[in-house]
Amino acid sequence: MLDQRHLAQLINQDQRQHFEELGYLIVENALPDSLVARLEARIDAIHRHHLEAEYDPYTRRPLTADDVFFYPNFLGRDQLFVNLLDWPKTFPLVWAILGWNIYSYHSHFIITPPRTPEQGPGRMGFHQDSGRVNRDIQTHPRPRLSLKVGYWLSDCSVPGRGNFHVVPGSHLDDDMERPSDGTAPPGAIPICCKPGDAVVFDRRLWHSASPNHSQVTRKGLFYGYGYRWLRSKDDMEIPVELFKHNDPVRRQLLGAGVNANGHFTPTDADVPLKTWLDEQGLPT
């Protein structure tokens, strides 16, 4: 629910400039320790369920404790996850960058165990998000369209722990030379975050996960926000009960709307976020 806490976290000029120039922002202490623990327990339970079944629903292959576990479309699994959609420490940055005609088109969490000697050193896969969009839309630079907020549940405060890597400023580059050996390209840096820190990043930013050579299992939650006319990347399996138990702004972020045309020509009923911003006297 939006309230005064959000108004205390409005984007400032330094943050906006940093994001526009470098393509990302780090929000320290975005989540309290108690919430980090609850979120970690919840994704651990999902992971444990699939380990016991020895099946990865994403790759459709057998799953072992040494495998990276990528789990998309988690929003509908628990109200706890939905609560982060409009989190006060991060959501004001989202609406400031993208505007109010938005929803969460994609979500996933990743659990990255330490690599075993048998798995070798591993490779990095630098990319921009959105797949085919980057070929089908022929503009330069490519349009922003969406961003992600990543919340860290494990300690990635030092390199080597499967850290998220970015090439600062690369969101304005349509192509990038990537080493054939799977190492990081020139200019790439690891994002070193504590549990509870968040990273907001432009979908165009060239980025990659990295091999985990530590003894710490890396865990992160990622929320994708895009314009309401952008198709969902997930199946968006949101139980009806979740829509009933959440306020209008969260329902908007979960994909609700009056009709299909409202994604392109929204009315106030389609975008309660805009109404709330208007009521606060904030620019829309």
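The numbers here are math on the coordinates, done by the rules we state, and not lab data. Keep in mind that this is a model prediction, so the values were computed, not measured. All Cβ positions, glycine included, derive from the backbone under ideal geometry; neighbour counts span all protein chains shown.
What to note about this one:
- All lysines inside 26 Å of LYS219 as judged from Cα atoms, apart from same-chain residues fewer than 8 positions distant: LYS89, LYS148, LYS194, LYS233
- Shape class of region 237-284 from the alpha-carbon gyration tensor: oblate, with a/c at 1.5 or above and b/c at least as large as a/b.
- Neighbour net charge for GLU21 - beta-carbon separation under 12 angstrom, K R +1, D E -1: -2
- Averaging the Cα positions of each part gives two centres, and for region 64-88 and region 199-275 these lie 12 Å apart.
- Ranked by the mean number of other Cβ atoms within 10 Å of their residues, highest first, the peptides 53-66, 266-279 come out as 266-279, 53-66.
- Prolate/oblate/rounded call for region 139-284, Cα gyration tensor, a/c under 1.5 rounded: prolate
- Prolate/oblate/rounded call for region 151-218, Cα gyration tensor, a/c under 1.5 rounded: oblate
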